[in-house]
Amino acid sequence: MSDNRQSLKIIIIPTVVNTKVVYSQRFLKYLAMFKTIKTVAILFAFIFTITSCLDSGETPAERTPEMEASEINQVLLKLEQEGYNVDTTELGIYYIVQKEGEGLFPAEGDTCYMEYTGYFLDGSVFDTSHDHFPDGIWEFVFRDPENPLIPGFEDGIALLNKGAEIDMIIPSEFAYGQGTDGIPPYTTLFFATKMHDLKPVLIP
């Protein structure tokens, strides 16, 4: 992939989700793993414009559905202005195909081998497969009723065949809604994903 990192200037900004932000070499490494780096930089620039008022030390306003909807609309507009092809699933998940894959798409019961990093819209990482697996690749059964995923993430994974790289923007309606541990209310999530392999379920 082309290396845009040398010319990229990342702006360190205050968070808008009331969580502690720690920018480190590990965080920059996560960005570099995907073609997502320019996309995330655009999100940084967007959030910087709506958080500049926090420089004075003001407490962030309580998050609302209206606030989230406004952020999503502005992010999508900015991405489209930058030339990104943003598609939408029937459920309502926004996604950008960074690299096309090949072969079949995951079906219920298939075993997936996937790499992912999840960001808040301020660019801070809240979860990554590299924190859980030595090689960073998560092995799981797609649509396993015993291990359900948030609806938006599951919907996006259905777009990933072998070798595909996709960025997902998941509104809180299809994620954690009014919030959970570590995820504030009405918070849109951004996932960078790559499907390394896919093994169909064996049907007797």
### For Val75, Val201, order by how many other beta-carbon atoms lie within 10 Å, fewest first
Val201, Val75
### Cα→Cβ-extended label distance, 7 Å offset, between Ser70 and Glu146, nm
4.6 nm
### Task
Provide the gained length on full extension for the span Asp110 to Glu173, in nm with one decimal, where the gain is 0.36 nm per separating residue minus the Cα-Cα distance.
20.1 nm
### Query
So how far apart, in nm, are the two label points at Asp181 and Gln81 if each is 7 Å from Cα heading toward Cβ?
4.0 nm
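If each residue's Cβ is checked for other Cβ atoms within 10 Å, how do Asp155, Asp135 rank with the fewest at the top?
Sorted ascending by nearby Cβ count, the order is Asp135, Asp155.
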### Task
Treat each spin label as a single point 7 Å out from the Cα along the C-beta direction, and report the Glu154 to Lys99 distance in nm.
2.8 nm
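Bear in mind these aren't lab numbers, they're just calculated from the coordinates by the rules spelled out. It should be emphasised that the depicted structure is a prediction, and the values quoted were computed from it without experimental measurement. Glycine also receives a Cβ, built like all others from the backbone with ideal geometry; neighbour counts cover every protein chain displayed.
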